[in-house]
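Structure, as structure tokens:
Bear in mind these aren't lab numbers, they're just calculated from the coordinates by the rules spelled out. Keep in mind that what you see is a predicted model, and the values were worked out from it rather than measured. When we count neighbours, we look across all protein chains shown, and the Cβ atoms used for this are built from the backbone with ideal geometry, even at glycine.
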Amino acid sequence: MTKWVVIGVVVLVLGAVAFVRMSAASGYERQAMTVEQMKASGGLIVDIRRPEEWKDTGVIAGAKLVTFKDVDGFLKAVGKDIADGRPLILVCRSGARSSAAAGALAGKIPNKIISVNGGMSAAIASGYKTVRPSK
């Protein structure tokens, strides 16, 4: 019986190591986060949706609003804000565009990059009250 417990523990540890390596290899993380968790992380929250989407649903208070079109333009817009090394937290409607943007940014900056699973749809569904965009 002890032999099987040891084998089980070894398999779990190896699986965990493989998962961590896969996450690190992608250069970014996908996480389900509440708005409170995003803010508590100290990261720069960037809503990468289009202006008409910001107007339709509202935005996270304090989020930077930068539509992601390309890596260079995006980094020009947020570079000064993440120069201190803080994490970059990307939010879109559902998490698909933020994941694609995070993949494009991976390896281009030293910051931790987080794509928020579920995006604004999840935040709103959880009861978060958005604010009007300032743009």
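I'm checking my understanding of the structure. Among residues of the stretch 67-102 that are assigned to a loop (DSSP other than H, G, I, E, B) and within 14 Å of the chain's Cα centre (by Cα), which one is nearest to Q37 (Cα to Cα)? Step through it out loud before you land on a result.
Taking the stretch 67-102 as the starting set, the residues that turn out to be assigned to a loop (DSSP other than H, G, I, E, B) are 67-70, 83-87, 92-95.
Remaining after also requiring within 14 Å of the chain's Cα centre (by Cα): 68, 86-87, 92-95.
Working: F68: 23, R86: 14, P87: 13, C92: 16, R93: 18, S94: 17, G95: 16 Å.
Ranking the qualifying residues of the stretch 67-102, first place goes to P87.
Can you pull out the residues in the stretch 103-127 that are under 18 Å from V35 (Cβ atoms), in a helix (DSSP H, G or I) and in contact (Cβ under 8 Å) with a residue 12 or more places away in the chain? Across the stretch 103-127, the qualifying residues are G119, M120, S121, A122, A123, I124. If you take the residues of the stretch 97-117 that are of a type in the set (D, E, K, R) and farther than 12 Å from L75 by Cα, which of them is surrounded by the fewest Cβ atoms within 10 Å (Cβ to Cβ)? Here the answer is K112. Of everything in the stretch 61-88 that is basic (K, R) and surrounded by 13 or more Cβ atoms within 10 Å (Cβ to Cβ), the residue that is nearest to A123 (Cα to Cα) is K64.
Here's a check for you: in the stretch 27-62, which residue that is in a strand (DSSP E or B) and among the charged types (D, E, K, R) is farthest from the chain's Cα centre (by Cα)? Let's see the steps before the verdict.
Keep residues of the stretch 27-62 that are in a strand (DSSP E or B), which gives 29-31, 44-47, 59.
From what is left, the residues that are among the charged types (D, E, K, R) are 29-30, 47.
Details: E29: 7, R30: 6, D47: 10 Å.
Among those that are in a strand (DSSP E or B) and among the charged types (D, E, K, R), it is D47.
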